[in-house]
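Asks: Pasting a structure here, questions to come.
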Amino acid sequence: MKRNQKRAVALGYESEQQSAPRVLAKGRGYVAENILNKASEEGIPIQEDASLIELLAELNINEQIPEELYHVVAELFAFIYRSDQEFKN
């Protein structure tokens, strides 16, 4: 396994249905590139954080993030929300 291989994890959160964000997709190499390309095509903000990816990559698809990551992921979602609002204005 290559150490420099690109990795990606896609998160989603539906507050009406879930108590925490969950992993929607994850992968490395070609799969990671596809996840990033799809996010870009759909206008979904991309945040690069190698240490967070390392933690999230340990989760299974459809698994909710653990409570220990709530604060970090909340900051990430707040950043994305602010970016989205700036883009719309």
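Asks: Leaving out ligands, DNA and RNA, and with a 1.4 Å probe, what % of the accessible surface on the chain is carbon or sulfur?
Replies: Roughly 50 percent of what the probe reaches on the chain is carbon or sulfur.
Asks: Right, here's the next one. Quote the FRET efficiency, to the nearest 0.05, computed for Ser51 versus Lys88 with a Förster distance R0 of 22 Å and r equal to the Cβ-Cβ distance.
Replies: That pair, Ser51 with Lys88, gives E of 0.15.
Asks: Give, as ranges by residue number, the residues of the stretch 39-74 whose backbone N falls under 16 Å from the point 7 Å along Cα→Cβ of Gln17.
Replies: 61-65
Asks: P(r) of the chain in 5 Å steps, Cα pairs, percent per bin?
Replies: 3, 13, 23, 27, 20, 11, 3, 1, 0
Asks: Tell me, what is the per residue accessible area of the chain in Å², probe radius 1.4 Å?
Replies: Accessible area per residue: 76 Å².
The values are calculated or read from the model by the stated rules, or taken from the named source; none is laboratory data. Remember, it's a predicted structure, so these values are computed and weren't measured experimentally. Please note: Cβ atoms are built from the backbone with ideal geometry, for glycine as well, and neighbour counts cover all protein chains shown. What goes into the accessible areas is simple: the full protein's heavy atoms, side chains included, and nothing from ligands, DNA or RNA. Shrake-Rupley method; radii C 1.70, N 1.55, O 1.52, S 1.80 Å.
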